[in-house]
Amino acid sequence: MRIRLFAMLTLAWMALQSISAQMTFTLNGVAYEGVAERNAKGFTTVTLPAGTDLSGLITAVAVDGSPVDASAVTPNPTTTKLNYGELKVFTYQNKAYGFLFEEDVWFCAVFFSDCHINQGSGHDGTSAADMTTIMNNILNMGKDGTKKVNFTTEGAQSFVPKTSIVFCLGDIDQDKGDNGSSGKHENFLDCTAKLAKTAAIPFIFIAGNHDLSPDYWTGDNPDKGATTSGSNADDETISAITTNNTYWNNAGVFDENISYFTDETKPSYFQSKPFTFKFKDVRFYCAQTYWFQKLYKKPSLFSSATYYAPDQVITALDNFVTQHEDEASVWMQHYPWLAGSDCNRWWLDQNDVGLYIPSTDTSIYGSSDSGVEQNDANFANTKKKDPLSAIMMKAAGKVDGKVQHFSGHYHRFDDRTYTSTVNSDNKVHDYTVAAPGNPNQSNNAFVVLFKRGEGVKEVIQTQF
């Protein structure tokens, strides 16, 4: 208790010192600049790769960039015992310098969805200015040493959550683009992806139904699926996603770069390109609107689009998961598994009166069936949710036997578990995040605690 009180008093004294003076170290096997961060409270957090041995870690000391004799520092940083999670205060020439050493076992992801940037009433749209504020708050979480949320998971109670990666789960701006026709998504990208690049924090986004052409919009809308302009906007959406993914691949932030699930027999047809990557020893599986998005041959001035079943995409997914069963995983798509009274019609590509475009080829997933009852839960479950949950269950990283999944679309928070109708052991725990612009929700994101190699540990709603 006395040691803790001394450390607190020392930090208070440090805050009164000139914040320009800094002590830095040379570390054995690790670049100090890449792992140390000085926060607003005046001490420095050194976050080391999981498994780093702290004995003999510090090999040299400098103050304000000039080397100093380590023996002139009290206690000597090169010989004193360091412990993870313990604040260590070093003094040199009557100035105190605080350091906290943390093991990079825990990390945080932030999930939000349905920004609908600058979209009008009825969509819970968020202004670009508000989204900029939200994104900056997400990117700066914990940098001042303040806990945004408090985790209760054993071993993480003292962990200060900082954002390691950010996800947006679709419906990013106005329908298919900034103004409903351009498809460029520049407003959304300026207030999210651009800021993330500046902060050097990975940002991944996927497409929702407002970003890719659905079969039909509404019963009174004659637009039957992808029109010529809609197809062009779809291309822009997938291009924006893949361009963003390529940036982070090139930045070298992932354990394994992003790769895509596609039907290789139809390379010239439009595909939504769901994808996967590995980050901090956790596998992320990212669909767009959902895993069963149909492929299509683009329309022309004289003919409408021709749709094809997603069977080869799901087969590619199944094969990949089978080869990576030992990897802890987390999953996401725009559509929820259960949230929303008309949830199942979304899975069936039906509009508000049940209109639906079947694929021209046969499908074991019901994509070639017409005349399906509107919002048919049994059909949606047996044809799509049950087989998908069986694939997902192969991968490690489940919590209480449940696959961990995140979704949007509903504009409200929800937290439910889907149980397969054919195998009650197959369970998907789906966390649905609210729209930031929904005035009836007090929160706008999930802060998710991960553990390296184990996956999701805790999920908390919060406001940014």
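The values are calculated or read from the model by the stated rules, or taken from the named source; none is laboratory data. Nothing here was measured: the structure is a model prediction, and the numbers come from that model. Note that we place each Cβ from the backbone using ideal geometry, even for glycine, and neighbour counts take in every protein chain shown. Ligands, DNA and RNA are stripped out before the accessible areas are found, and what is left, the full protein with its side chains, is counted by its heavy atoms. Shrake-Rupley method; radii C 1.70, N 1.55, O 1.52, S 1.80 Å.
Filtering segment 421-464 to residues that are hydrophobic (A, V, I, L, M, F, W, C) and over 18 Å from TYR285 (Cβ atoms) leaves VAL422, ALA434, ALA435, ALA445, VAL447, LEU449, ILE460, PHE464.
Among the residues of segment 199-232, those identified as on the phi < 0 side of the Ramachandran plot, among the small types (Gly, Ala, Ser) and surrounded by fewer than 18 Cβ atoms within 10 Å (Cβ to Cβ) are ALA199, GLY219, SER229.
Reported count of residues in segment 434-464, each being open to solvent by less than 30 Å² (accessible area, probe 1.4 Å), over 13 Å from PHE151 (Cβ atoms) and of a type outside the set (A, V, I, L, M, F, W, C), is 5. Just one of the numbered conditions (1) out of contact with any helix residue (DSSP H, G or I) (no Cβ under 7 Å at 6 or more places or on another chain); (2) open to solvent by less than 40 Å² (accessible area, probe 1.4 Å); (3) modelled with pLDDT under 90 is not true of ASN245: (3).
Quick grid of which residues meet (1) free of Cβ contacts under 8 Å to residues at least 12 places away in the same chain; (2) within 15 Å of LEU449 (Cα to Cα); (3) among the hydroxyl-bearing types (Ser, Thr, Tyr):
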position	(1), (2), (3)
MET141	no, yes, no
SER164	no, yes, yes
ASP175	no, no, no
LYS184	no, no, no
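Does at least one position in segment 128-141 carry a residue that is crowded, with 16+ Cβ neighbours inside 10 Å, within 30 Å of LYS457 (Cα to Cα) and at pLDDT below 95? Among the residues of segment 128-141, not one is crowded, with 16+ Cβ neighbours inside 10 Å, within 30 Å of LYS457 (Cα to Cα) and at pLDDT below 95, which makes the answer no.
When the test is whether a residue is surrounded by 21 or more Cβ atoms within 10 Å (Cβ to Cβ), out of contact with any Asp or Glu (no Cβ under 6 Å at 6 or more places or on another chain) and free of Cβ contacts under 8 Å to residues at least 40 places away in the same chain, LYS383 passes it. Anything in segment 377-424 that is under 20 Å from the mean Cα position of the chain (by Cα) and of a type in the set (Asp, Glu)? List them, or say none. Across segment 377-424, the qualifying residues are ASP414, ASP415. Looking only at residues in segment 22-34 that are closer than 17 Å to PHE90 by Cβ and not in a strand (DSSP E or B), the one that is least open to solvent (accessible area, probe 1.4 Å) is TYR32.
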